[in-house]
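These notes are about the structure you will find just below.
Just so it is clear, none of the values below were taken in a lab; they were calculated from the coordinates. The model shown is predicted, which means the values in this text are computed figures rather than measured ones. As a convention, Cβ positions derive from the backbone with ideal geometry for all residues, glycine included, and neighbour counts pool all protein chains shown.
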Amino acid sequence: MNQRSTISRKMNSIKIKVNNIEINYFKVGNGQQKLLIFPGALGQVDDFKPLTENLDREKYTIYIWDPPGYGSSRPPNRDFSPGFLYRDADYAIALMEVLGINRYSMLGWCNGGCTALIAASRAAHRVDKLVVWSCNAYVTSKDLEFYETTRDVY
C-alpha cells in the first residue's frame, strides 16, 4: 500500500453547515489541544495530510478545513472579491463555534496564514497559539488580480 492511500484511509472527511454553507473538514486525533489548520491559495485539506502523520494524535485534535469555494466546500465557487480573507476568517471562527470548540491554536500558510491572522485578531480570546508562514501582512490590488486569474486553475 502506498503512503498516499495509507494517509487517506486514516482521515475522515466531514461536511457541516456553517452560516448556510456546507464546509468540508477533516478531523484527526483525539487530544486535548485543538488545532485549526488553514490551507493556502488554491489549497485544500488534502495538502496537510502528510503533516498529520507526524503530529501526536493523543496530544492533538487537528481540524483541517476547506474555506467556502475551496476543495470540497463547493458550492459556492470561490469568491475573491475584496474582503474575502475577512469572510474566510469569520467562517473559520464560526466553524469552531458550530463544533463547540472554545479554545484552539491556528496554523496557516499563504492566504491561510493571512486568514488565520485576521481570525486571531477577531477572536483573540479563543486563540491559544498562532503559527503562520509564507503569508502577506496585507493584500494588494496586484494580489487580487493574481487571485482572479488563477481561481479556475484548480
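Points worth noting:
- Qualifying chymotrypsin sites (Phe, Trp or Tyr not before Pro) for region 51-145 [loop in DSSP, other Cβ within 10 Å: at most 16]: TYR138
- Environment charge of ILE118, counting only residues whose C-beta is closer than 11 Å and scoring Lys/Arg +1, Asp/Glu -1: 0
- Placed amide H near THR61: partners under 5 Å, 5+ positions off or other chain: GLY31, GLN33, LYS34, LEU35
- Computed over neighbours whose Cβ is under 9 Å from that of LYS34, the net charge equals 0, Lys and Arg +1, Asp and Glu -1.
- Loop-located trypsin sites (Lys or Arg not before Pro) across region 56-154 with a Cβ neighbour count of 15 or fewer within 10 Å are ARG57, LYS59, ARG103, ARG151, with loop assigned by DSSP.
- On full extension, the segment bounded by LYS15 and ASP143 gains 43.1 nm, given 0.36 nm per residue less the C-alpha separation.
- A DSSP coil position with no more than 16 other Cβ atoms inside 10 Å describes the following GluC sites (Glu not before Pro) in region 16-62: GLU53, GLU58.
- Diffusion coefficient, µm² s⁻¹, Stokes-Einstein with Kirkwood Rh over alpha-carbon pairs of the chain at 25 °C and 0.890 mPa s: 157
- Region 63-68 - phi-based ³J(HN,Hα) in whole Hz, Karplus 6.51/-1.76/1.60, Gly and Pro as x: 10, 10, 10, 9, x, x
- Taking amide H atoms as placed 1.01 Å from N in the peptide plane, the amide H of GLY108 lies under 5 Å from those of PHE38, VAL131, VAL132, TRP133, each 5 or more residues away in sequence or on another chain.
- Beta bridges assigned by DSSP with both partners in region 3-150 are antiparallel in approximately 45 percent of cases.
- You can think of it this way: the chain between GLU22 and ASN102 has 26.7 nm of extra reach, that is 0.36 nm per residue less the Cα-Cα gap.
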